[in-house]
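The structure appears below as structure tokens.
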Amino acid sequence: MNDQASRLRAQMGLSETVNVAPSARSTTAKVIAVGSGKGGVGKSNFCVNFGLSLAQSGIRVLIMDTDVGFANIEVLLNVTPSHTLLDAISGRSLSDVVEHSPYGLSFISGGNGLFDTTSLEDEDFRRLLADLNKLSGMYDVVLLDCGAGVSEISRQLVAASDELILVTTPEPTSMTDAYAFMKLLVHRSALPHTRVVVNRAPSFSVAKRAAETLIGVTTRFLDVRIDTLGYILEDTAVSEAVMRQVPVLEHAVNSRAASCYRQVANNFVRHDVRTPRVGLSGFFERLLRNRSRGGGRGSGHSA
């Protein structure tokens with residue numbers, strides 16, 4: 001199985017796992033939105049396994065589940081959260097809100113109403129900023145599992161983030177929806193640096209062609225350049241892991257999907273864009289600013 005992993009790395013033209021020294025860490029977490037143009041592309045599963053791959057490389061990772069109504073992260077990790085971020089508004093400490101999985105991966109459940117209703121007032125955001133700034137210093141990367149599809153909520157979350165990872169599959173409908181998502185972001189927001197991941201690809205050649213197609217149309221029609229972060233091959237081990245509610249990196253450590261996830265994490269570490277990091281408090285400040293400008297609360301929008 002190690003030979004299979006080596007062949008996968010060779011096909012991708014990339015190298016072995018990169019470990020990150022503590023001295024190389026930033027003092028402020030990088031907030032990365034993980035989004036998709038449609039549901040069913042494996043976005044939440046990507047968050048879990050990509051996050052775990054980074055954690056295994058020595059990076060401190062926190063996942064924030066903002067996919068309201070679909071608590072996918074806690075289901076995939078088989079952890080029932082005791083609290084959500086909404087509880088922090090009532091005075092509970094953030095240390096109580098952060099959940100810890102058996103795999104060394106931390107997450108926060110956003111909770112119904114946090115990102116899609118008017119129940120959270122501007123002053124509630126401000127009360128969280130100081131604590132969030134402390135929490136931001138405890139992690140290197142915060143992954144936001146955004147709701148699938150083109151929506152105003154997702155747009156605001158992406159616009160407030162340091163970076164966007166766009167997850168798609170090679171299927172034409174998924175590619176079209178990914179482009180529509182990019183179109184919405186470009187026309188209505190300041191788009192952060194964006195990297196695409198092609199998931200559930202039958203081969204590296206198909207994945208590479210899909211990524212190049214998406215990059216081509218966004219460059220030509222939106223005048224935006226996005227980069228490729230990597231590819232995840234189709235693998236039955238992934239669906240088996242989901243059924244067992246464990247990450248595929250734990251369920252089948254030497255599977256081709258697990259090898260792909262490790263390589264995508266390597267790509268991230270090796271080519272991390274050194275953009276200014278706002279951290280969690282800065283993310284919420286941006287989000288608050290967007291809301292106060294009339295960005296809307298929970299209104300849908302199609303491109």
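The values are calculated or read from the model by the stated rules, or taken from the named source; none is laboratory data. Just so you know, these numbers come straight off a predicted model, no measurement behind them. Positions of Cβ are generated from backbone atoms using ideal geometry, with glycine treated the same way; all protein chains shown enter the neighbour counts. Surface accessibility is based on the protein's heavy atoms, side chains included, excluding ligands, DNA and RNA. Shrake-Rupley method; radii C 1.70, N 1.55, O 1.52, S 1.80 Å.
With respect to (1) modelled with pLDDT under 70; (2) of a type outside the set (A, V, I, L, M, F, W, C); (3) open to solvent by 20 Å² or more (accessible area, probe 1.4 Å), the lone exception for Gly113 is condition (3). Within region 234-254, being open to solvent by 10 Å² or more (accessible area, probe 1.4 Å), outside any helix (DSSP H, G or I) and on the phi < 0 side of the Ramachandran plot holds for Glu234, Asp235, Val246, Ala252, Val253, Asn254. When Arg274, Arg291 are checked against the criterion of being at pLDDT below 75, more than 19 Å from Val41 (Cβ to Cβ) and within 18 Å of the chain's Cα centre (by Cα), a single residue qualifies: Arg274.
Scanning for something free of Cβ contacts under 8 Å to residues at least 40 places away in the same chain, over 28 Å from Gln156 (Cα atoms) and not aliphatic (A, V, I, L, M), does region 227-235 turn up at least one residue? Yes, that holds for at least one residue. Applying the criterion of at least 2 residues that are surrounded by fewer than 22 Cβ atoms within 10 Å (Cβ to Cβ) and modelled with pLDDT under 90 to the helices (runs of 4 or more DSSP H) found wholly in region 1-106 leaves 2-12, 85-89, 94-97. Looking at this structure, is Val217 open to solvent by less than 50 Å² (accessible area, probe 1.4 Å) and over 20 Å from the mean Cα position of the chain (by Cα)? Against the criterion (open to solvent by less than 50 Å² (accessible area, probe 1.4 Å) and over 20 Å from the mean Cα position of the chain (by Cα)), Val217 qualifies.
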